[in-house]
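Input: one structure, supplied below.
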Amino acid sequence: MIPRDLRMILAGYTLYKAGINKKGQTDRACPPLPGYPQNFTRDGIITGILTSNASLLHDQLLFSGDRQGEHKDPFTGEEPGKIFHQYPPVIYRGRSTEFNACDTTALYLIGHDIYKKVSGDGSLAEREKERIERASLYILNHIRDGWFSVDPLFSDADEYALKVTYWKDSEVAKRTGGMPVYPIIYTFAHIQNLRALRAADTLLEKHTYKHTTEVMLSELIQLWQSNRGLYRIARDARGPIEGISSGLLHGLAYLEPEDVPENITQRISLFSEPLETPVGYRTIDAETEKDMHDKYHARTVWTYEQAMIHMAARKHNLPQAQEVSERIIPHITNATPELFLIDESGNSKPDGNDTQLWSIAAQDYFAHQERAILL
């Protein structure tokens with residue numbers, strides 16, 4: 001059950017805030033913020049997916065579609081077909097955060113696919129067909145040499161308000177000030193956008209994007225099969241950005257077992273061992289984290305991500321990853337913290353917002369995982 005104080009009504013839709021901080025905690029992994037009292041496409045759709053909540057998905061998808069990008073805007077990061085990140089937006093580093101996400105358009109398409117499976121209602125996709133096609137074209141416009149590329153130039157800007165535009169949006173490792181050198185390819189976002197084009201083909205009942213997704217998958221497998229490929233978080237204009245990331249396991253949730261050779265999934269599980277903690281998988285390995293100023297997506301275990309990794313482990317038969325991600329369960333039975341901060345000794349404590357939308361979703365997922373629709 002989602003608390004009423006997270007509920008919000010916008011444009012006649014029942015939507016949800018991403019999080020609130022009732023206790024006013026200030027000992028956060030990042031500078032203290034007054035919760036996240038806005039609606040986020042990412043958080044809303046992932047919550048709907050983890051909880052198999054058709055009504056939540058329905059209203060979030062319609063609201064996100066209503067606010068779909070129509071033109072290029074360097075101030076907000078808007079592009080034609082792009083789905084918003086945060087509404088109402090905030091101003092950060094002199095720009096608006098409204099369209100500062102490279103994964104929300106993918107999640108919009110995936111969300112439509114999961115909604116249809118959960119509800120059995122095919123009329124929503126039919127009604128939203130034009131928006132689904134525009135979202136697909138946004139993704140296609142970003143494909144370069146088989147990879148999903150991110151660059152503020154797509155919106156006629158030189159940078160975004162946020163330093164990073166997928167869910168780990170605080171900073172990128174091994175770059176001055178945590179800033180990528182554009183253009184950049186985030187391996188995790190690439191996987192999400194691959195899955196999204198597959199969803200679009202299903203929703204539109206076509207095979208328009210099949211060749212593109214096959215190329216995207218081929219490039220990904222080649223990367224993983226290279227000697228150091230499993231450590232590549234991203235690649236920007238300066239070159240590879242390497243480290244051990246939770247995105248390795250998390251990303252498998254968006255892929256099918258037949259997509260990835262078993263030897264690679266086993267290597268992913270093995271190489272993720274340095275991320276294991278008593279409460280689940282931390283977001284990045286301790287060695288890479290040393291050079292990161294902002295620890296929000298570095299020295300932390302995210303509650304919601306454990307549910308996503310668990311889903312990936314179930315899909316790809318990875319018992320070790322399933323066991324490690326389940327370690328979060330005793331710690332969220334009576335609470336839904338945003339994350340757990342890991343100290344230098346490996347100890348953990350709840351941190352961030354004490355009530356987080358997709359943490360509630362993770363709690364629900366683990367309690368009712370048998371009903372979850374696997375991505």
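Do you know the relative contact order of the chain, to the nearest whole percent, from alpha carbon pairs under 8 angstrom that are 6+ apart?
Values: 755 pairs, mean separation 67.1, N = 375.
Result for the chain is 18 percent.
May I ask which of K82/K116; K17/K72; K116/K315; K163/K295; K17/K295 have a Cα-Cα span longer than 18 Å here?
Beyond 18 Å between Cα atoms: K82/K116; K17/K72; K116/K315; K17/K295.
So, one more: Take each of the peptides 41-51, 63-73, average the number of other beta-carbon atoms within 10 Å over its residues, and list them starting from the highest. Don't skip to the end; give the middle numbers.
Details: 41-51: 26.5, 63-73: 18.3.
Highest mean packing first, the order is 41-51, 63-73.
Then there's this: Excluding residues on the same chain fewer than 8 positions from K206, give the aspartates and glutamates whose Cα lies under 19 Å from its Cα.
Candidates past the 8-residue exclusion: D113, D121, E126, E128, E130, E133, E214.
Consider all pairwise Cα distances in the chain and report the whole-number % of them above 41 Å.
Of the Cα pairs, 4 percent sit more than 41 Å apart.
Sticking with this structure for a sec: Once Rh for the range 32-77 is found with the Kirkwood sum over Cα pairs, what is the Stokes-Einstein diffusion coefficient at 37 °C and 0.692 mPa s, in µm²/s?
268
If you don't mind, there's one more thing I want to ask. For the range 277-287, take each phi angle, set θ = phi - 60°, evaluate the Karplus expression 6.51 cos²θ - 1.76 cosθ + 1.60, and give the result in whole Hz per residue in order, putting x for glycine and proline.
9, x, 10, x, 8, 6, 6, 8, 5, 4, 5
For the range 324-339, take each phi angle, set θ = phi - 60°, evaluate the Karplus expression 6.51 cos²θ - 1.76 cosθ + 1.60, and give the result in whole Hz per residue in order, putting x for glycine and proline.
5, 5, 6, 4, 6, 4, x, 8, 10, 5, 10, 8, 9, x, 4, 7
Note down the Stokes-Einstein diffusion coefficient of the range 54-140 in µm²/s, whole number, using a Kirkwood radius over alpha carbon pairs, 10 °C, and 1.306 mPa s.
My calculation gives 120 µm²/s for D.
Roughly how far apart, in whole Å, are the Cα centres of the range 101-123 and the range 289-319?
23
Taking θ = phi - 60°, what integer Hz values does the Karplus form 6.51 cos²θ - 1.76 cosθ + 1.60 yield along the range 46-56, in sequence order, with x for Gly and Pro?
Working through the residues one at a time gives 4, 4, x, 5, 5, 9, 6, 9, 5, 5, 5 Hz.
Taking the Cβ of Y160 as the centre, find all other residues whose Cβ is under 9 Å away and add up their charges (Lys, Arg: +1; Asp, Glu: -1).
Within the 9 Å Cβ shell, the charges total +2.
Please sort 183-193, 205-215 by packing, taking for each peptide the average over its residues of neighbouring beta carbons within 10 angstrom, highest first.
Result, highest mean Cβ count within 10 Å first: 183-193, 205-215.
Values in this text are rule-based calculations from the coordinates and carry no lab data. Source: prediction; values computed, not measured. Here Cβ is always computed from backbone atoms with ideal geometry, including for glycine, and neighbour counts include all displayed protein chains.
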